[in-house]
Every structure is written in C-alpha cells, then in structure tokens.
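> After the structure tokens below, expect a handful of questions from me.
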Amino acid sequence: MDHLLTAQVKKKAFDLGVDLIGVGNIERWANAPLLMSPRGLMPTAKSVVVCAIHHTDAMIEIGGENSPHEQGTYVYQLFMNSHLDFLSYTLGRFLEDRGYRAVPITASNIWRYREYKGLTSTFAPDMSHIYASVAAGLTEMGYSGIAMSPEYGPRNRFVSIITDAPLVPDPLLPGNTVCDRCGMCIKHCVIDAFRQEVNGEVALEIEGNRYSFANKNLWRCAWSEHFGLDCELEVPAKVTEPVILERMKEVGLRGGTMGCCIKFCLPKDRRSWDKSYSSAPIRKKSVQPARPAPDRGVQMRMISQCLEFGADRVVVQSLVDWKGADLKPLLPDAKSIVMVAVNPPAKGDSATRDKHSELGGMMSYTMNKCCFYTASDLEKLGYSGAPYNMGGLKKEPGKSAIESVRDTFKAMLTNPNAIAGFVLTSAELTPADVSSSYAPLPPSLDLTDTLREKALEFGADVVGIASAERVTKAVNSIKADMDGERVLNAKETGRLWLGSTADITEEKRQVHTPEDHLPNAKSVVVIGIRIPKQSVENMGRHGAEAIGPYTFAQYESRNLLRLAALRLQKVMQGWGINCVAVDDLANTGSYSSNPRGPQANIFANRIAAVCAGLGTITKGGFVNNPTYGPNMRYLAIVTDKELREDQLAELYALRSKCEGCSRCVDACSVKAFKGETTVDVDGHALKFNIVEQARCDWAIRYALVAEEGLKWSGNNTNILPPENITPEALSDAVAKRDPILRIRPCTAEMCTMACPYTRTQTE
C-alpha cells in the first residue's frame, strides 16, 4: 500500500472542495453482484475512493418547508451532483497522471431501471455510491436506506473512483451506531414508503460488520422524487412502473421533490429542535461563532474565491439596509446577503452561429459554485448559509422574497445576460461591491506561451495552435465532399416518460472555415480533454457489461472543455483579444445521444485538432493523439490575434495501423461509411472515410440501435434504418423508443471502439 499516494489523493480532493473522503479496499465488495461491482467495471481494481460533499444545513432545514415540491435552497443538490462529477473526473485523471488506471463514476445517473440479465435490482447504477460510502468507512446505512455519516447524518452526496492504485483503506464504521431507529423517516415520508410495500430488511455484510435497512419498493420511492408526480395526492397501495405511467397520463407532473427521509433525519447526538426556525431537526454544529461578524479575512477570502472561480461581480449587503421584501422566509436568521453574477463572454461578429459553444451551463455551474462554497465556508465557522438561484419557489412568502432579490440584482447588473444567484447568511458581513477586471498582458510575457499555460491551468490536457490560413486550406480541401449533405434534425415533442414523438426538419450541411466564425480570423487555439483509458477499455466488457463510465466521460469531457473555454475566453477578451469558442469549427461532425443531453461527437473539431498539431486523422475519420489516442474530445477557439503555430504531428506514423485495416468501417452496425475524402494539411494528403450523416445519426444521435451501446443499459430499442432514410421513417422510429429509457440514452461510437488505437482488441 502506498501511504504517500493516498495522502496526495486525499489532499487533492480536499483542495477541490470535498468534506469527507475515504478509501475502501476491493475485498470489501466481495459480496456485491458483478453487474454492480468495482471488479465488474475494472477487473484489476484494488481500491475505491469515495468523496462526499455536505449539503449546507440550511439547504435541508429550510428547503421543502411549505411543501416537498417547494425545494427552494435544496435545489442546490443539482450543483452538488455536477461538482461531484467534476471531482470524480478530475481525481481519475489525477491518478492516471501518476501511472495508475482509474474509472470515474458519475454522481447521479441511473443506468438500468429494470432487471438486467442476472441483476434483479431496479434503478440500478453501475455502482452504488451509498454502499461505496459504507465500504470506504464514511458512513453506515440508516433504516431509510440512505447512508449516514456521524458528522452530517444523511446530509451528504457521494461520488466514487475505481482504481488499481494500492491505496490505504480507511477503517469501517460499526453497523447500527449512527442510526438510532428514531422513526422520523417513517413518520414523515409523504408517500409512506416505509410502511407500505416494505418486505422486511436487507443488509450489507462487510468484514464482519452488518448494516441493515428497510427493503423498500423503489418504484414507490421514485414516485415524486424521480418521476415528478404529486406527492400530496393519494398514492396507490401498490406502485409499479405501469401504475406510475398511468397516473402521469391522468394528472401529469408536478415537478421535483425534496425527500423527507433526508430532511428529518440526523444522528441522535447531532439532533436538536427549534420549531420557529424549521419543522426539521437542527444539526448541532461543531463550531459556534464567537461574535456576529466574522474576522475580516473571512470576507476577503470569500470574495477572492468567487472571483477566482470565475465570478464577474460580487455584491455584499446588510439586510439592515435591504429595501425589498422580507427575506426571513428564505433564512429565518439571515443578517446579510451575498449576490454573485457571471457574465457571458462577448460573442463577436459572425457569419454563422453553427456549433458555437453553448456556455450557459458552465456559467450556471460557476455561479452555483461561488454561492455554494460561500455558504459552506460560512457554515464551517458556525454561521448559517443558504445558497439560492433565482427560482425554486412558487408559494408565498418565499415567492415574493425570491422576486425581490431578482429585481434588486437585475437593476444593478450591467449585462442583461448575466447568470446570478445569492447566499443568505446569519453572519454580519461588511457591505462591498467588487467586479472583475483585467490589465493588459505585461510586455514581458509571450502571448502564445501565456495562453497555452492558461489553457492547461483551466483544465485542458493538451493545447495546440494553428493559423487560420492552415485550417481554412484544410477545410476547403474536403468541402466538395461534405458541403450540402442532407441532415435530419429531430426535435422531441413527446410527454416526459410517456412516449416519444418528434418534429423532423431537414437541412443541408454547411462546412465552415475560421472566417465564418470570426471575421479577420488569424489563429485557432484547440484544447483537448481526454477520456480515461479504463472507461474506454472496459466499456461493454467484463462482468458489468457497462456503458455508464464511458457515457459519463462523454459529457464530462465536454463540460470541462466548455468550462476551460469560458475562462480562457474571458481572459483573452480581458486582454483585448476578440475570440469565439466553437464545438465543431468545420461542422463535419454531429451529436451523440447522452443522458445529459446531446454531446458533440467524436468527429467534432477533427480538422482543427490535426491542423493544431494534436494528432492525425485516421481511416475512420477521428483524431489519433500521440499520447491519448482517439480518446480525446476537442474544442476550438477562433481569434483575430496572430499566434505562433505549432508543428504538425507525425501524420503518417500515427496512422500506420490503418493500412490494410477496415475494423472501424466493418464495426458500424448501420453501415454509415459511404466513401473516402482527402484532407490536405500543409501539403500532406490524408485519406479518411466519411459517413452518411443521416444514417450515423439514426444510431448515435437518436439512439435507435441496440448494438451501438444501448443494450448495455438494458435498453432493448433496436430499429435498424431503412435503405432510404426519410423524415417519415425517422419520425416513426423515434415513436417506438422505450418511453422510460429514451430519457437517458447511452450510446457509443462503435466504429471507434473497434480501432486498435482506441483500446485493446481481443477478437
């Protein structure tokens, strides 16, 4: 076992914002079904790292007060999940950089709703973070089936990383020591999940410790929290999938719900009550502030941290001076408000908006990160902290309070497209108003080198730079073969969970050059984020037959690219440089279906990446990077500033395995490859196969073919395309998708999976 590496992993995790971290040795999963076990996902696994972020107490104690559907501050659980995804992916790459393999697991997606082969569990993830937190010594199981830590009870969210690193395991908590069976979860469950449809108890057995909990019907548990049905209406005595779908047809959806099993649960020694503050128990904090106002350095650090995260403006006000509606319904002991805004980068003039990066999600993530950690840090000092976005409450008096903050901040903002949130706290903070700004780049620093360093600092694995001229010439060399191709766009119009219908439109592909995205373009900066090798290597293989880790990597790599692009664009524009971020500069790629929404596929930004020296293009049309192979995703930033161009990679040597090989073409289940084109990169002619986009999209973008990854999530949708794909044919096929599983489709480009550059080929 490696004590130093274990310490480094934990230090890295704490630097990234975790509250708890533990390690479990792989033997602790000996009794887990192979389809949900670390060894099923990674046969060589030795350790599982489990990280936890604590909900701020106000999120639990104030959230859901008027109704479980009135979540308010509790909606910040969504940010927690996003940040846990970031943590998992970042720690996985951290371990890879030290020579070990790692499989990061997403925080929240459910991959198999129904029984799959020998797996009888419903709502089955690839691996349970709840069970993993027990096996890593962080928690024990409460009667509710939720993991409870001694410090926070169930007020945690977890994520895990599987690795072959020989890490030091943490000691287990003894069973039945945190949960005292107080019965609060039973009493307050609005859907009666602990009195109806409970079949005794089940237990985890780990190293002689027994952790028992209620054997619930998970379909009942998911009634409102997962499927969004009204929990304040009568719930049937027996809940099944057909019952849920039928009720949806009758009454529709109400929206997300806060679980009362979380709200009313705390360990006995942490439990106190103040009914004037909350209907839920109040967690006894380990620290009590000595005075109403924190030390000056606390507020300085808070504001500095927000700006470093990417905030553009931070405003602190005392509620003594507040002119709007009463904010006490949002936090009864509130004394101050901290408002945070994140501006979008300037879009610049453009002849097209096609494939420009949508950065709104990363703006929201940045704003939420600022608010959450401001609240969390204040809570660690003994103050209360409730993070809010500008929605989440529809009933009075919370509705008016939220609107008051929104109107106040809106009047203060200089950018109408800014994304804003706020924190209420019991700390008496000093009024402040701080905005970000940038000085010109010092003449002592080289612009090209500094941009490269910034891109790596913001999370990129690789950075390459090409002249706009080089990219334009390469794009023009393939334009005749790809411009004008027919593309079918399906916009979903069906009711959530009930069925699938779509409006189909047809367009002609327009192949773009850098100048189409930015007039007077001079350079293209290409950044890349890798997909963990083991997530690719084991996809659909071994005992777990899992696609989840790969699907997670598909969207998280894109998230990290957009986050890096958001920060890099702002820095560049702060230096007076005009630029625009593009998901697919040449527009020769498409999208892959994904539980987190469509993601730019493996072909996106391939021409720009090759021109920027980051690899060569293979016979299958994807980029082979010298270090990470095809397991990269790329984003391009077009700028009107001249930068030093990088040398090209070993273009022919990096595609030597393509000679005489047709594995990528043969692996396509829908026979989408239709012929060759040749891209000219600085006089180097590189032939590659192109696809019929409507046929490729049928399988990957619209998730209609089981062999393209769907089957491993238990999705039996399998509709092969006709010879002639018409809008009518696509519309009919979309309507036949599984009504439940179409919501979170998992696909993989099996052409890339067949490539020996991508992963080991065993057949």
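Where a number appears in this text, it was derived from the coordinates with a stated rule and is not lab data. For clarity, every value in this text was computed on a predicted model and none was experimentally measured. Counting neighbours? That spans all protein chains shown, and the Cβs are built from the backbone with ideal geometry, glycine included.
> Roughly how many whole Å is it from the C-alpha centroid of region 644-690 to that of region 245-279?
55 Å
> Considering the dipole of the chain built from charges on the beta carbon (Lys and Arg +1, Asp and Glu -1) around the Cα centre, which of W322, G348, A30 is farthest to its positive end?
My answer, from the dipole projection, is A30.
> Could you give the size of the charge dipole of region 643-710 about its Cα centre, using +1 on the Cβ of each K and R and -1 on the Cβ of each D and E, expressed in debye and rounded to the nearest 20? Walk me through the numbers before you get to the answer.
Working: 9 positive and 12 negative charges, 45 e Å.
For this selection, approximately 220 debye.
> In debye, nearest 20, what is the charge dipole magnitude of region 3-272 about its Cα centre with +1 on Lys and Arg Cβ and -1 on Asp and Glu Cβ, if you could check?
Dipole magnitude for region 3-272 comes out near 440 debye.
> Could you state the angle between the C-alpha long axis of helix 360-380 and the longest principal axis of the C-alpha atoms of the chain, as a value from 0 to 90 degrees rounded to the nearest 10?
With rounding to tens, the tilt is 30 degrees.
> According to the square roots a ≥ b ≥ c of the eigenvalues of the Cα gyration tensor, what is the shape class of region 490-531, taking rounded for a/c under 1.5, prolate for a/b larger than b/c otherwise, and oblate for the remainder?
oblate
> If you don't mind, another one. Pick out, from A7, V463, V239, the residue whose Cα sits farthest towards the positive end of the charge dipole of the chain, with +1 on the Cβ of Lys and Arg and -1 on the Cβ of Asp and Glu.
Of the options given, the answer is V239.
> Here is a follow-up. What whole number of Å gives the distance from the Cα centroid of region 21-91 to the Cα centroid of region 286-356?
26 Å
> Place a +1 charge on the Cβ of each Lys and Arg in the chain and a -1 charge on the Cβ of each Asp and Glu, then give the dipole magnitude about the Cα centre in debye, rounded to the nearest 20.
980 debye
> Give me the extension gain from V251 to S435: residue separation times 0.36 nm, minus the current Cα-Cα distance, reported in nm with one decimal.
Value of the extension gain: 61.5 nm.
> Taking a quarter of the surface of the convex hull around the Cα atoms of region 641-717, what do you get in nm²?
Its Cα hull, projected and averaged over all orientations, spans 8.1 nm².
> Which entries in the list K263/K380; K268/K394; K249/K355 go over 30 Å, if you measure between the two C-alpha atoms of each?
Distance filter (> 30 Å) returns K268/K394; K249/K355.
> Helix 77-97 versus the longest principal axis of the chain: what is the Cα-based angle in degrees, 0 to 90, to the nearest 10?
50 degrees
> Further question on the same structure: What span do the alpha-carbon atoms of region 525-618 cover on each of the three principal axes, reported in whole Å from largest to smallest?
54, 27, 21
> Taking a threshold of 22 Å on the Cα-Cα distance, which of the pairs K570/K641; K347/K641; K473/K619; K473/K674 fall above it?
On the way: K570/K641 15 Å; K347/K641 16 Å; K473/K619 20 Å; K473/K674 24 Å.
In this structure, K473/K674 exceed 22 Å between Cα atoms.
> Using mean Cβ contacts within 10 Å as the protection proxy, how do 621-628, 388-395 order, highest first?
Output ranking for 621-628, 388-395: 621-628, 388-395.
> If you line up the long axis of helix 241-251 against the longest principal axis of the chain, both from Cα atoms, how many degrees apart are they, to the nearest 10?
Result, in degrees: 80.
> Put +1 on the Cβ of every Lys and Arg and -1 on every Asp and Glu Cβ in the chain; which of N715, V423, A754 then has its Cα farthest towards the positive end of the dipole?
V423
> A follow-up question, please. In whole Å, how far is the Cα centre of region 146-173 from that of region 202-235?
If we compute the Cα centre of each part, the gap is 20 Å.
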